[in-house]
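One structure below.
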Amino acid sequence: MKNLDRILRQLIVEACNHPPLSLERRQKLSEVHLLVMKSGKLWKEYSSYYNDALQEMWEYCCGHPEEYDPTIKGVITWLDDELKKRLRRFRDAGYRQQKRQITGLSTEEGKTIDPVDRVPAAPDLQPVMKIWQKTLDWVKTDPDGVLRQTCFRKRPEINAQVLIQGDSLLISLGKRLQQNLS
């Protein structure tokens, strides 16, 4: 193990001494790849995305050998860490994708319930719109004068009826509800 790590460290140092994309650098990194894969010491797991993560790890590590710091960890540990990062990214992407998808629920009898069947139906807006229209009519007519009498101090022209009838949020909301219903 110590001998393998020493050889891998030396190959990485030699690769870093050559310019990026040079033949010599690629040859040294190819030797690192072959030695590591032959050793069987790289992290393994049986997931559908393992080979994709492994490929991404090799692309990254061979593209950035300068990021390897021999004072912190061995070459295989560095490669393992980079591989595990990519595996985690693939795993998390799979979890996010699962959360976005709606799947059927299974009952104890083995039947599958479609999630769409569990969504409540849209409420009937006609009764709501009738009440809304009655409220608007009441505000406009103000038969008891309650709204006209409710006003700001010393400003009788600014009363509750004017405020409600004006271009208020309630009126625009009612108009939008009527448009949506049509």
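Both the radius of gyration and Dmax for the range 66-148 are 30.8, 88 Å, in that order, over alpha-carbon atoms.
In sequence order, the range 22-28 has phi-based couplings of 6, 4, 4, 5, 4, 5, 5 Hz under the Karplus curve 6.51 cos²θ - 1.76 cosθ + 1.60, θ = phi - 60°, and Gly or Pro positions carry x. Each listed q (0.15, 0.28, 0.29 Å⁻¹) maps to a log10 I(q)/I(0) for the range 63-103, found by the Debye formula over equal Cα scatterers with no solvent: -0.51, -0.92, -0.95. Principal axis extents of the Cα atoms in the range 15-111, from largest to smallest and rounded to whole angstrom, are 65, 25, 24. Looking at the range 1-43, I'd like the Rg to Rh ratio, where Rg is from alpha-carbon atoms and Rh is Kirkwood's inverse mean 1/r. With Rh from the inverse mean 1/r over Cα pairs, Rg/Rh is 1.00. For chymotrypsin sites (Phe, Trp or Tyr not before Pro), the sites in the range 1-91 that DSSP calls loop and that have at most 11 other Cβ atoms within 10 Å are Tyr46. Using a Gaussian network model of the chain with C-alpha springs under 10 Å, which one of Cys16, Cys151, Cys61 is most mobile by mean-square fluctuation? Judging by the Gaussian network model, the answer is Cys151. Applying the criteria of a DSSP loop state and at most 15 other Cβ atoms within 10 Å to the GluC sites (Glu not before Pro) of the range 42-124 yields Glu45, Glu108, Glu109. If R0 is 41 Å, the Cβ-Cβ spacing of Val128 and Glu157 corresponds to a FRET efficiency of close to 0.80. For the chain, carbon and sulfur atoms together expose 56% of the accessible surface, with a 1.4 angstrom probe and every protein chain in place. Enclosing the Cα atoms of the chain in their convex hull gives a volume equal to 342 cubic angstrom per residue.
When trypsin sites (Lys or Arg not before Pro) are flagged only if DSSP places them in a loop and at most 14 other Cβ atoms lie within 10 Å, the longest unflagged stretch of the chain comes out as 1-43.
The values are calculated or read from the model by the stated rules, or taken from the named source; none is laboratory data. Note that the coordinates shown come from a computational prediction; the quantities given were computed from them, not determined experimentally. Note: ideal-geometry Cβ built from the backbone for every residue, glycine included; neighbour counts use all protein chains shown. Just the protein is used for accessible areas: all its heavy atoms, side chains included, with ligands, DNA and RNA removed. Shrake-Rupley method; radii C 1.70, N 1.55, O 1.52, S 1.80 Å.
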